[in-house]
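Everything on this sheet refers to the single structure shown next.
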């Protein structure tokens, strides 16, 4: 378990700020309002998903050496449960993430005041496609968070040396989830990302619904992802061969030949 310090806290603040700004600015620009002539306007979730994917990939690559690049309280909770980060550091991480998300949403509001106003500058809500149903919203958000946190855990466990394409896999996971679950819940997958725009716009959609769908569901999903990872690793044959785990195994094996 590694101690974290000011550099890690600042990295979490900056990373979450930039991630939330990129996402909320994109939503403010690409979402379209229904009208009398076009009650169901086309929304290009592929572009929105691509911004999620590339934004997280770039930030993970840049900030991982400093903080692990959690950028998400659900991820931080999972890392704390798995004892990859101390509880006190995890608490500071989450405060920095919430603060960064709020500043990121404020930047979107400052730059795109009129464009983002109809969409509360990227605030999330349970879609009418789910009939605004609370349990369905929790389920959708939970499934997406399990997927994201599980991939993060596995990447963190394996990428002790070279990252390789790891950031792209993680970013791709967020991008795919945004495209699939965005039309259902806004695809927050991140309590900080949900909190910042909601605070800036004053659009929580009801405190109980917000807390259950965008805080409780991700927290429970993070715990489920931890359980899934631990369960898989406890099964026979789960550990990769030593040659795959050790960065020096390749050259050593070649030397033996």
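The values are calculated or read from the model by the stated rules, or taken from the named source; none is laboratory data. This is a predicted model, so every value here is computed, not measured. A quick note on method: Cβ atoms are made from the backbone with ideal geometry, for glycine too, and the neighbour counts reach across all protein chains shown.
Tabulated values for the structure
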{"item": "Candidates 31, 54 - the one that is surrounded by fewer than 20 Cβ atoms within 10 Å (Cβ to Cβ) and at pLDDT below 90", "result": "31"}
{"item": "Residue list for segment 76-106, filter: more than 15 Å from residue 195 (Cβ to Cβ) and either free of Cβ contacts under 8 Å to residues at least 60 places away in the same chain or assigned to a helix (DSSP H, G or I) (or both)", "result": "78, 79, 80, 81, 87, 88, 89, 90, 91, 92"}
{"item": "Residue satisfying condition, being part of a helix (DSSP H, G or I), surrounded by fewer than 18 Cβ atoms within 10 Å (Cβ to Cβ) and either in contact (Cβ under 8 Å) with a residue 40 or more places away in the chain or touching a helix residue (DSSP H, G or I) at 6+ places or on another chain (Cβ under 9 Å) (or both), within set 10, 59, 22, 17", "result": "10"}
{"item": "Selected residue (criterion: nearest to the chain's Cα centre (by Cα)) from residues of segment 108-129 that are outside any loop (DSSP other than H, G, I, E, B) and buried (at least 17 other Cβ atoms within 10 Å of the Cβ)", "result": "122"}
{"item": "Yes/no for residue 43 being buried (at least 20 other Cβ atoms within 10 Å of the Cβ), over 17 Å from the mean Cα position of the chain (by Cα), touching a residue at least 40 places away in the same chain (Cβ under 8 Å) and not in a helix (DSSP H, G or I)", "result": "no"}
{"item": "Residues that are assigned to a helix (DSSP H, G or I) and without any contact (Cβ under 8 Å) to a residue 12 or more places away in the chain, drawn from segment 25-34", "result": "none"}
{"item": "Scope segment 205-234; condition crowded, with 20+ Cβ neighbours inside 10 Å and either under 15 Å from residue 135 (Cα atoms) or without any contact (Cβ under 8 Å) to a residue 24 or more places away in the chain (or both); matching residues", "result": "210, 213, 214, 217, 218, 221"}
{"item": "Number of positions in segment 195-213 that are in a loop (DSSP other than H, G, I, E, B) and under 14 Å from residue 137 (Cβ atoms)", "result": "3"}
